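Remarks on the structure that follows.
The values are calculated or read from the model by the stated rules, or taken from the named source; none is laboratory data. Because the structure is predicted, anything quoted here is derived from the model rather than measured. Every residue, glycine as well, gets a Cβ built from its backbone with ideal geometry; the counts of neighbours run over all protein chains shown.
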Amino acid sequence: MKKSLLALLPLFCSTIIIAQSYDLAAGVRLGTDLGISAKLRLPPIDENFTLETILQTSLERNEGMLTVLGEQHFPLITRRVNLYAGLGLHAGWLENDPDRVEDYKAPAGISFIGGAEINFKNINISTDFKPAVNISGGEKRMYSQTAITLRYIPFKRYDIFESPREKRKRQRQKARDQRRQDRTTNGKKDWQFWKKG
């Protein structure tokens, strides 16, 4: 048994190494609430920063909720295996319930999140704890939500956003083209370095 496990270890490690990270991942969220989740990586803010949108309905209450979270990711083994933490805002709505108290209002407030995720090629799997603090409305002041989320990755890393390496390469090429155009405008050939522009 031990030999079999040791033989499978390199295969598992190689799967993690070749797994792809993402620019966009979307899928289903299963836990104390049911819903859908989409994560978009935002490299203009930070290479490991994502914006997550969660649309969910509660299994415990007749409520639904939309949450938008900014999350910072912290790579562990590679950028494909990481921890993340963040915060954002949530706003909810009430579903039909004839037994509801009249002054009961839809929840709205601040949400926090902490979790871990792993990417296997086009699949992203995460687990998280997401406390939601209701500033107004809701059945309670705080909801403790946990979930496992399974997402598909339609856009891998740098499919949507340009990589820093490609950006530097493009900027260098643009600078070279500009210098060449300046020389042409001033009547100086590329090899006539002694002439001032």
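Cβ-Cβ distance below 6 Å, separation of 6 or more or different chains: which pairs start in region 131-143 with a residue that is in contact (Cβ under 8 Å) with a residue 40 or more places away in the chain and end on one that is part of a strand (DSSP E or B) and of a type outside the set (Gly, Ala, Ser)?
Ala132/His90; Ala132/Tyr143
Find the residue count for region 139-161, including only residues that are part of a loop (DSSP other than H, G, I, E, B) and either surrounded by 22 or more Cβ atoms within 10 Å (Cβ to Cβ) or hydrophobic (A, V, I, L, M, F, W, C) (or both).
Final tally of qualifying residues: 2.
Going residue by residue through region 51-72, is there one that turns out to be under 23 Å from Asp159 (Cβ atoms), modelled with pLDDT under 95 and surrounded by 13 or more Cβ atoms within 10 Å (Cβ to Cβ)?
no
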